[in-house]
Amino acid sequence: MAMTETKLWTVEKELWVENRLGLHARPVAKIATAAQQFDADITLEKEGQVVNARDLLDVLALDCPQGTRLVLRTRGPQAREAATSITSLFARKFEET
């Protein structure tokens, strides 16, 4: 039986919440939906508190108003793609103002 090697990427990015209303239900749902599409462990960290980005309630519990700094960490075969997708949501301010 042959063994295949899978590359496990690890990506860490600093993100800032720029949309006026911060991370409320709609943006958090977009994060969770995006996170579920990838084969990677995806976490968000705020001031030492780390949560699974797939868990809507945990991300909401971080309480992230506009101006909040977060650290996104992804690890797994699709870590780079996951980081790009979630970073893009933040860059577009979740299509909000």
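The values are calculated or read from the model by the stated rules, or taken from the named source; none is laboratory data. Please read these numbers as outputs of a predicted model, since none were measured by experiment. Cβ sites come from the backbone with ideal geometry, for glycine too, and all protein chains shown count toward neighbours. These area figures cover heavy atoms from the full protein model, side chains too; ligands, DNA and RNA do not enter into them. Shrake-Rupley method; radii C 1.70, N 1.55, O 1.52, S 1.80 Å.
Residues whose amide H comes within less than 5 Å of that of Gly22, counting only those at least five positions distant or on another chain, are Gln66 (H built at 1.01 Å from N in the peptide plane). Only helices enter this figure: runs of n ≥ 4 DSSP H residues, each worth -39500 (n - 2.57), summed and divided by the residues of the chain, yield -9000 deg cm²/dmol at 222 nm to the nearest 500. Each label was represented as a point 7 Å from its Cα along the Cα-to-Cβ direction; for Gln37 and Val71 these points are 2.7 nm apart.
Around the amide H of Trp9, modelled in the peptide plane, lie the amide H atoms of Gly76, Ala79, all under 5 Å away and 5 or more residues distant in sequence or on another chain. In this label model, His24 and Thr87 are separated by 2.8 nm, measuring between points 7 Å along each Cα→Cβ vector.
Extension gain for the segment Glu12 to Glu95, taken as residue separation times 0.36 nm less the Cα-Cα distance, is 27.6 nm to one decimal. Our estimate of slack between Leu57 and Glu45, defined as 0.36 nm per intervening residue step minus the Cα-Cα distance, is 2.9 nm. Surface exposure of the stretch 1-74, expressed per residue as accessible area with a 1.4 Å probe, stands at 64 Å². Listed by chain and number, the aspartates and glutamates placed with their C-alpha closer than 18 angstrom to that of Lys93 are Glu14, Glu18, Asp63; residues fewer than eight positions away on the same chain are left out.
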